Amino acid sequence: MQFTDFSLDKRLLDTLDHMGIETPTEIQQQAIPVGLSGKDLMASSKTGSGKTLAFLLPAMQRIISTRALSKKDPRVLILLPTRELANQVYGQLRLLVANTQYKAMKILGGENFNDQAKLLARDPHFVVATPGRLADHLAQHHLHLNGLELLILDEADRMLDLGFAEQLKAINKAADHKRRQTLMFSATLDHGQINDIAAELLKSPEHVDVGAGNIENLDITQRIYLADHLDHKEALLESILNNETHKQIIIFTATREDTDRLATKLAASGHKTASLSGNLKQSARNQIMDQFSRGLQKILVTTDIASRGLDLLNVSLVINFDMPKFAEEYVHRIGRTGRAGAKGDAISLVGP
Ligand code: ADP
Ligand code: MG
């Protein structure tokens, strides 16, 4: 199967060409036709399998080939759980819209509210957002969603957490009309257990589950090292870092404090280390991610803030310095490697 089989606009096919993307992945083969059909969708497939284009391409095609319901309101809203991931998805969307007359904007927490209000006043067709900030603008009437045609939730299971429930309900209510389509994607969606918020958002959804419940990415080699106590973990980590050959490594800890402490320690022992945690200012967060993605540091120490969605080409090893609290988060963390068919390694240090 080829991208041309979906009857996509020539400009989209050209952009895919430029990106060096030739053949649709399995999730793209299955999800793009449903996206184009106008039906609601719950879709899952393993980490790194190309879910982003599986929703961006039908979204673009719909905007290009149909008339807007409203001249002012955004036509497509894409919601993501973290700012870093929203930046990344926005980057891919920018490539796709660059070739067209359509406008895309991002509305993320941690950035200037009034500047965002001005951006929204320019009536973007696409908005990429984190839910909290978007809901704030909605409450201030900086945008309306009566004309919204497509609502997309990436990392949907995380978005359907209680933590985002209120914002999602407000967004859903503001965009409550017959022509709205809703798409949900994640590596870890339980198709059998749709919670109340998902049930509110979706209308008789189609289900696409590539690998049918088997979320494991077999391109990732998983290892476990048992550790007796913190010093033991640190000694194991030091030995891993000295003996494994990897371009870039992500290390996950349980808390921000652990992240800061471990990063300081690693830097002191001569490792080029960055640390990313949610208490930093957004400008610092952006700078850290920008530098790490350009390969300026070998190691990124972080928390579950970076567990989902990030697509960093040179990360070939993920280390769980502390195990995550939830099984899904384990799947997402190790999924920062082994992307787009590449091989990856994951090592978990498991305490008593
Ligand atoms: P997921 O959301 O499933 O974790 P992403 O959408 O982040 O995966 O895509 C992972 C990587 O695969 C990205 O670098 C993306 O550019 C690349 N990719 C996406 N679709 C294709 C394709 N059809 N062929 C080759 N590479 C692709
Ligand atoms: Mg993704």
Under Karplus coefficients 6.51, -1.76 and 1.60, residue-wise ³J(HN,Hα) of the stretch 203-215 in Hz, glycine/proline x: 10, 5, x, 7, 10, 10, 9, 6, x, 5, x, 8, 8
Whole-Å semi-axes of the stretch 119-249's equivalent ellipsoid (Cα gyration tensor): 40, 20, 15
If unit charges are put on Cβ atoms (+1 for Lys and Arg, -1 for Asp and Glu) and the dipole of the chain is taken about its Cα centre, the option from Leu241, Thr303, Leu202 lying farthest towards the positive end turns out to be Leu202
Using 0.36 nm per residue, how much length does the chain from Asp176 to Gln193 gain when fully extended, once their Cα-Cα distance is taken away? 3.8 nm
Asn99-Ile21 FRET efficiency (beta carbon distance; Förster radius 22 Å; 0.05 resolution): 0.95
Mean projection area, nm², convex hull over Cα of the chain: 17.2 nm²
Please report, in Å, the Rg and the Dmax of the stretch 302-352, where both are computed over Cα atoms only. 10.6, 35
How large is the dipole of the stretch 3-210 about the Cα centre if only Lys and Arg carry +1 and Asp and Glu carry -1, each at its Cβ, rounded to the nearest 20 debye? 860 debye
Can you put Met1, Met42 in order of Cβ neighbours within 10 angstrom, beginning with the fewest? Met1, Met42
Once normalised by the length of the chain, the mean sequence separation of its alpha carbon contacts under 8 Å that are 6 or more apart gives a contact order in percent of 20 percent
Size of electric dipole in the stretch 220-350: Cβ of Lys, Arg +1 and of Asp, Glu -1, about Cα centre, debye, nearest 20: 480 debye
For Thr255, Thr23, order by how many other beta-carbon atoms lie within 10 Å, fewest first: Thr23, Thr255
Residue-normalised 222 nm signal for the chain, counting each DSSP H run of n ≥ 4 as -39,500 (n - 2.57), nearest 500 deg cm²/dmol, is -11500 deg cm²/dmol
Quick one: length gained pulling Thr264 to Leu313 fully straight, 0.36 nm per residue minus the C-alpha distance? 15.2 nm
Which order do peptides 258-267, 11-20 fall in by mean Cβ count within 10 Å, highest first? 258-267, 11-20
List the relative contact order of the stretch 93-203 as a percent without decimals, with contacts defined as Cα pairs under 8 Å and 6+ residues apart. 23 percent
Considering the chain as a Gaussian network with a 10 Å cut-off on Cα pairs, which listed residue, Asp311, Asp157, Asp176, attains the greatest mean-square fluctuation? Asp176
Quick one: length gained pulling Arg223 to Ser65 fully straight, 0.36 nm per residue minus the C-alpha distance? 52.1 nm
Select from Gly278, Gly50, Gly163 the residue whose mean-square fluctuation is largest in a Gaussian network model of the chain (Cα-Cα springs shorter than 10 Å). Gly163
So for the stretch 251-342, using the alpha carbon gyration tensor with a ≥ b ≥ c as root eigenvalues (a/c under 1.5 gives rounded; past that, a/b versus b/c decides prolate or oblate), I'd call it rounded
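Computed from the coordinates by the stated procedures, all read-outs in this text should not be read as laboratory data. Just so you know, these numbers come straight off a predicted model, no measurement behind them. For neighbour counting, all protein chains shown are included, and Cβ atoms are generated from backbone atoms with ideal geometry for every residue, glycine included.
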